[in-house]
Each structure stands twice: as structure tokens, then as C-alpha cells.
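Novice: I have a structure I would like to understand better, so I am pasting it below and will then ask my questions one at a time.
The values are calculated or read from the model by the stated rules, or taken from the named source; none is laboratory data. This structure is a prediction, so every number in the text was calculated from the model and none was measured. Using ideal geometry, Cβ is built from the backbone for each residue, glycine included, and neighbour counts are taken over all protein chains shown. For accessibility, only protein heavy atoms count, side chains too; no ligands or nucleic acids. Shrake-Rupley method; radii C 1.70, N 1.55, O 1.52, S 1.80 Å.
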Amino acid sequence: VVRMSRSEVLSLYRRVLRIARSWKAQSALPQDTDTERKYITQEARTLFRQNQQITDPESIQRCIEECEARIEIGLHYRNPYPRPTYLPPMGLATQKGRKLRAQQRLRKQAKPVYLQSHDDT
């Protein structure tokens, strides 16, 4: 199981680097293309290194799903940057204490799969 996930992760990393090499910015400006290529490469390097110590198969699978989701969204929208998240209605706390914890729980629930590790970077 560990061997399979290792090869799957390495394959995913190579795929991200191939996408970065062939990436063309939506604006078609050379400087935008260079900036976005560097961003893709740096983001992949940072997140893969940050998660390389994970050994739990469930956590590894979650990271793989997040990476695949970000790849698909980036290719679809031609935008390598993570999409913003929005709070659900009534997601703002009016006071400290229990309501603040409820707000934090709502924010965590509202976070899409493709941004689970984004706050850590």
C-alpha cells in the first residue's frame, strides 16, 4: 500500500512539473507565463516537501485528492492560483466564546478539498 501511494505521489509530482513547463498564461504575456510557471513549480515543491513526512494512508489519499482537484481546476480555468473561499451565510461571530468557535467550525466546513493544505504554506 505504501509503495503504491509513493509511486502515485511521484507520478503526480511529475505531472505538476510537466504542466508547469508547458503552462501558458491566459493573458498570453511572456512575463505572466513566467510568473505563473514559477508559482506552479514553487507551490508544488513547497506542498510536496511539507507533506512528505505523512505516513497515514488516509491523509496521503486526502493530499492526492487535493492535488488532483487543484490540477483540474487550474487547467479548466487556466489559472494556477487557488480560488477564494467564501463564508457560508451567518458565518460571522458577533461575540467571543462559543460563537467564535462556531464561526471557526463553519469556516473549516466551508473550505473546499483543493485548499485543505493552503493555510499551512
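Novice: When only DSSP loop residues count, what trypsin sites (Lys or Arg not before Pro) in the stretch 1-62 have their Cβ near at most 16 other Cβ atoms within 10 Å?
Specialist: Counting only loop positions with at most 16 other Cβ atoms within 10 Å, the trypsin sites (Lys or Arg not before Pro) in the stretch 1-62 are Lys24.
Novice: When the accessible area of the stretch 1-72 is computed with all protein chains present and a 1.4 Å probe, what percentage of it is carbon and sulfur?
Specialist: Roughly 53 percent, rounded to a whole number.
Novice: Moving on to the next point. Using only the Cα atoms of the stretch 20-65, what semi-axes does the equivalent ellipsoid have when each is the square root of 5 times a gyration tensor eigenvalue? Give whole Å, largest first.
Specialist: In descending order the semi-axes read 30, 10, 6 Å.
Novice: Mind giving me the nanometre distance, one decimal, between the label points for Ser117 and Arg14, set 7 Å out from Cα along Cα→Cβ?
Specialist: Label-label distance for Ser117 and Arg14, simple model: 1.9 nm.
Novice: For Gln104 and Lys24 in the same chain, what is the full-extension length gain: residue separation times 0.36 nm, less their Cα-Cα distance, in nm?
Specialist: Additional length available on full extension: 25.1 nm.
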